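The values are calculated or read from the model by the stated rules, or taken from the named source; none is laboratory data. Because the structure is predicted, anything quoted here is derived from the model rather than measured. When we count neighbours, we look across all protein chains shown, and the Cβ atoms used for this are built from the backbone with ideal geometry, even at glycine.
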Amino acid sequence: MKTYIALLRGINVGGKNKLPMKDLVSTLEAVGCRNVATYIQSGNAVFLNEEQNAVLLAERIGAEIAGRHGFEPRVLLLTFEEMERAMQSNPFPEAESEPKTLHLYFLAAPPQSPDLAALEGLEGDRERFVLGDGAFYLHAPDGTGRSKLAASVERLLGVPATARNWRTVCKVMEMAQQRG
């Protein structure tokens, strides 16, 4: 069995695409996931599964959610090792003490032609970013709510992404360590 971390995008936001975590657990179990745990309502789950192909498993999970709930969220699956590598590669370790200001955007694929110049042009006075291997790191001390950079990451990278703050990343990794 392999330990996976599922990051679902676009669920339970603004009253749309409602997916209670107990329903997410039963959906994951229906596609063969075991020892499932979720964290907060924004679509974070950790589980064990025998499937070696993460893309195939993500597609099965998305299809199962669509069949049960009538919408198909983007499902990004990471292995324990991928999440661990993303955490260890954090270019802003000094920001870890303020976990709500540090955001990791997990990428569905490597960007082929990211517009880094445009991203740099959108940086706020105190914002910093680094495009890493499989993740985009954003330190936004003033928050992401009004950040033009945060709002444009996915479009300017040219690949689907889903973001989590450092607190969530740490909690999800802790759950994964308990399963792995």
Close pairs (8 angstrom Cβ cut-off, 6 or more residues apart or separate chains): among the acidic types (Asp, Glu) in region 91-111, crowded, with 16+ Cβ neighbours inside 10 Å anywhere
96/90; 96/102; 96/166
Can you name every residue in region 48-71 that is in a helix (DSSP H, G or I), acidic (Asp, Glu) and in contact (Cβ under 8 Å) with a residue 40 or more places away in the chain?
none
Residue 29 vs. criteria part of a loop (DSSP other than H, G, I, E, B), over 20 Å from residue 167 (Cβ atoms) and either of a type in the set (Gly, Ala, Ser) or modelled with pLDDT of 95 or more (or both)
no
